[in-house]
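Chemist: Below is the structure I would like to discuss, written out as structure tokens.
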Amino acid sequence: MPLDSFPNYAVSAGSEASTAARVLRKQFGDGYEQRAADGLNSLRKTYRAQFNARAKAEVDTIDNFLSRKEGYTPFLFTIPGEAAARRWTCEEWRKTRDSAMRWSLTATFVEDFGL
């Protein structure tokens, strides 16, 4: 089944990507330590996407999209500046009312390596 793409809205300045490495470590009695990557996909990206000062309809579209994914269904999203879309899940996001006419949404995307 093809994956849905995240709604085509530009992220705001301040959105940030981070990478965490999973590393297997074995320490030996003489202080020597051996390290290796933990699995094929040992580098996992997290992207904190911000959509600031938007119309309520736009924020509601993003909120509804993420709600339909229920935190476990992957979707496609391209980090600005990257050439290809990646698979992501999103278990947590927050809507904020900035003013009478503007809303913001912040979501944390976690790279998904499922099949």
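Chemist: About its Cα centre, how strong a charge dipole does the range 56-95 have in debye, to the nearest 20, once Lys and Arg get +1 and Asp and Glu get -1 at the Cβ?
Modeler: The calculation lands at about 40 debye.
Chemist: OK, next. What is the sum of charges, Lys and Arg at +1 and Asp and Glu at -1, for the other residues whose Cβ falls under 12 Å from the Cβ of Phe113?
Modeler: +3
Chemist: For Lys95, give me every one of the lysines with a C-alpha distance below 24 angstrom, ignoring sequence neighbours fewer than eight places off in its own chain.
Modeler: Filter leaves Lys45, Lys56, Lys69.
Chemist: Now a separate question. Lys26: which lysines have alpha carbons under 20 Å from its alpha carbon, excluding same-chain residues fewer than 8 sequence positions away?
Modeler: none
Chemist: Relative contact order (percent) for the chain, with alpha-carbon contacts under 8 angstrom and 6 or more residues of separation?
Modeler: 28 percent
Chemist: Next up: Which Cα, out of Leu105, Leu115, Tyr47, lies furthest along the positive dipole direction of the chain (beta carbon charges, K/R +1, D/E -1)?
Modeler: Leu105
Chemist: I've got another one for you. Roughly to the nearest percent, how much of the accessible area of the chain is carbon and sulfur, given a 1.4 Å probe?
Modeler: For the chain, the apolar C and S fraction of the accessible surface comes to 50 percent.
Chemist: Treating only the Cβ of Lys, Arg, Asp and Glu as charged (+1, +1, -1, -1), what charge dipole size does the range 25-80 show about its Cα centre? Round to the nearest 20 debye.
Modeler: 60 debye
Chemist: Report the charge-dipole magnitude of the chain in Debye, nearest 20, computed about the Cα centre from +1 at each Lys and Arg Cβ and -1 at each Asp and Glu Cβ.
Modeler: 120 debye
Chemist: Quick one: divide the alpha-carbon radius of gyration of the chain by 2.2 N^0.38 Å and tell me what you get.
Modeler: The value comes to 1.33.
Chemist: Could you please report the charge total around Leu24, scoring K, R as +1 and D, E as -1 over all other residues with beta-carbon less than 10 angstrom from its beta-carbon?
Modeler: +3
Chemist: What's the whole-number percent of alpha carbon pairs in the range 57-115 lying beyond 20 angstrom?
Modeler: 31 percent
The values are calculated or read from the model by the stated rules, or taken from the named source; none is laboratory data. The model shown is predicted, which means the values in this text are computed figures rather than measured ones. Cβ coordinates were reconstructed from backbone atoms using ideal geometry, including for glycine residues, and neighbour counts include every protein chain displayed. These accessible areas exclude ligands, DNA and RNA; they are computed on the full protein's heavy atoms, side chains included. Shrake-Rupley method; radii C 1.70, N 1.55, O 1.52, S 1.80 Å.
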